[in-house]
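The values are calculated or read from the model by the stated rules, or taken from the named source; none is laboratory data. Remember, predicted model here, so these are calculated numbers, not experimental data. Using ideal geometry, Cβ is built from the backbone for each residue, glycine included, and neighbour counts are taken over all protein chains shown. Only protein heavy atoms, including side chains, enter the accessible area calculation; ligands, DNA and RNA are left aside. Shrake-Rupley method; radii C 1.70, N 1.55, O 1.52, S 1.80 Å.
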Amino acid sequence: MDKFVVRGGNPLKGSIDIGGAKNSALPCLAATLLTSAAVTLHNVPYVKDLITQKRLLEDLGATVLTPALRTHQVTADHIDVFEAPYHLVKTMRASVLALGPLLGRFGQARVSLPGGCAIGTRPIDLHLQAFEKLGAVVSLESGDVVARAPQGGLTGTTIDFEKITVTGTENVMMAAVLARGTTTINNAAEEPEIEDLADLLSKMGARISGAGTPTIVIEGVDELGGAEHTIIPDRIETGTFIVAAAITGGELEIRHCRPDDLRAVIAKLREAGVEIEEKDATTLVARRGPGGLTSRDVTTEPHPNFPTDMQAQYMALMTQAEGTSVITETIFENRFMHASELIRMGADIHFSGNTAVVRGRTPLMGAPIIASDLRASASLVLAVLCAEGETTIDRVYHIDRGYETIVRKLRSLGADIERVRQGIEAATGEMPAIPQPA
Ligand code: EPU
């Protein structure tokens, strides 16, 4: 298993380009199953989860061409398998996004029921209840969810989500675009990724309004066609690099991003003393302000509020801020795994239930640490970039799931980080056996 070896202390300086949003590319790739025509997606990030999603589409029978590293052209004209198998679902929960399109277009879908994961139990009961409301019969067979639409397909209805769910909203949108009649989704997720998916579906011929608000209305159509679409920039990668500039005392120009998609993060970081200049609609310049960092409380909530996917990185930053901050995680029940590792490096963090209290500022020292999930890995990388001495981070395969060529990007900004592969040093290496991006 790969490790990162990092010698902290270098302020990061320079310019960095943000890649496409993982959590938008995943549902957009799933949406290509809704038509037999070719759908071309640009700006698909070169990360492991997208490689897994591509593999899933191919296993189902779709043809996936990659004329350029970040462009996928999918033609789902010969789908002959309607199942996302356990070996894929267990490596990536987002495989459940195949359910909606398979059910909507072919009237049948089988997906291995995802178990819990490092950040919580993460059930999909709300997805399944919504499919039932659209007329599907859902059963559990040998650990798989099996959903079947009645003769004549799904029928539009009103779905009132009792809790906001991002992939649940996406799954229902994809199931409903080919349903008979109108579907209204109330208490829908408002994330930018939902809007991006709606944009793609509209280009394919779907009739959707309200995406990005709590109420989405979908008028079913008979069929969808081909489309070409560019995935939005990754707001979490953007936020992670803003924190990287602030925590190392450097200055980064962050290009090809969409500041409007992370207003709550920008506002909170500014309150905490990070200077964030908006050069134009797609470029930010971030640095630690002259007054240093000040502790500020944060609570994670669905968009447009502070995202859970930035909580771990924010906690790393708060270890370097003066004062005490209270961090409350309301989305997932087990998303403080990074805290124990930060404590091993010298952070003063006490947590109970869904609240962590961080007392800063504490110097961080190198220590062997273990990454437990994608965003926890990002938090640990940020922490070690400002730590004294050498740190080894184990199980960094988690970070490959969602951050494109992170070692290469950080090194280009002056970080002293290298990937060590089973004892072989591979200074700029990323994801073995896959061609390097140009
Ligand atoms: N929930 C249920 N039942 C359901 C669905 C969700 O109880 O049927 C609960 C979850 O357990 C959680 C809450 O509702 O407590 C919200 O979960 P949500 O369904 O919104 O999460 P998700 O769709 O599984 C997506 C992202 C996550 C991100 C969350 C929250 C993708 C592929 N994943 O997950 O991204 O943290 O929304 O914003 O879009 C990541 O990128 O690191 C990541 C974990």
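A few points about this structure:
- Filtering region 101-125 to residues that are within 12 Å of the ligand (Cβ to nearest atom) and part of a helix (DSSP H, G or I) leaves only Asp125.
- Qualifying residue in region 153-164 (condition: near the ligand (Cβ under 9 Å from one of its atoms) and in a helix (DSSP H, G or I)): no
- Look at (1) open to solvent by 20 Å² or more (accessible area, probe 1.4 Å); (2) touching a residue at least 40 places away in the same chain (Cβ under 8 Å); (3) within 14 Å of the ligand (Cβ to nearest atom) and you find that Val145 fails only one, number (1).
- Hits in region 368-405 - residues which are within 14 Å of the ligand (Cβ to nearest atom) and touching a Phe, Trp or Tyr at 6+ places or on another chain (Cβ under 6 Å): Glu404
- Matching residues in region 288-311 - criterion: being open to solvent by 50 Å² or more (accessible area, probe 1.4 Å), of a type outside the set (Ser, Thr, Tyr) and more than 16 Å from the ligand (Cβ to nearest atom): Arg288, Pro290, Gly291, Arg296, Asp297
- Subset of region 251-308 (residues that are more than 22 Å from the chain's Cα centre (by Cα) and among the β-branched types (Val, Ile, Thr)): Val274, Ile276, Val285, Thr294
- Of residues in region 235-259 being open to solvent by less than 20 Å² (accessible area, probe 1.4 Å) and part of a strand (DSSP E or B), the one farthest from Thr319 (Cα to Cα): Ile254
- Verdict on Thr91 being open to solvent by 20 Å² or more (accessible area, probe 1.4 Å), assigned to a loop (DSSP other than H, G, I, E, B) and more than 22 Å from Ser202 (Cα to Cα): yes
- Scanning region 167-185 for residues that are within 16 Å of the ligand (Cβ to nearest atom) and either farther than 24 Å from Arg263 by Cβ or out of contact with any strand residue (DSSP E or B) (no Cβ under 7 Å at 6 or more places or on another chain) (or both) yields Thr167, Gly168, Glu170, Asn171, Val172, Met174, Ala175.
- Inside region 46-62, residues that are in contact (Cβ under 8 Å) with a residue 60 or more places away in the chain and open to solvent by 10 Å² or more (accessible area, probe 1.4 Å) make up a count of 3.
- For region 395-426, a residue qualifies if it is modelled with pLDDT under 95, open to solvent by 40 Å² or more (accessible area, probe 1.4 Å) and touching an Asp or Glu at 6+ places or on another chain (Cβ under 9 Å), and the qualifying residues are Arg395, Tyr397, Arg401, Arg421, Gln422, Glu425.
- The single condition from (1) in contact with a strand residue (DSSP E or B) (Cβ under 6 Å, 6 or more places away or on another chain); (2) away from the ligand (no atom under 15 Å from the Cβ); (3) in contact (Cβ under 8 Å) with a residue 24 or more places away in the chain; (4) open to solvent by 50 Å² or more (accessible area, probe 1.4 Å) that Leu65 fails is (3).
- When region 76-88 is filtered for residues that are crowded, with 18+ Cβ neighbours inside 10 Å and not in a loop (DSSP other than H, G, I, E, B), the ones remaining, listed by number, are Glu83, Ala84, Leu88.
- Residues (among the basic types (Lys, Arg) and assigned to a helix (DSSP H, G or I)) located in region 128-152: Lys133
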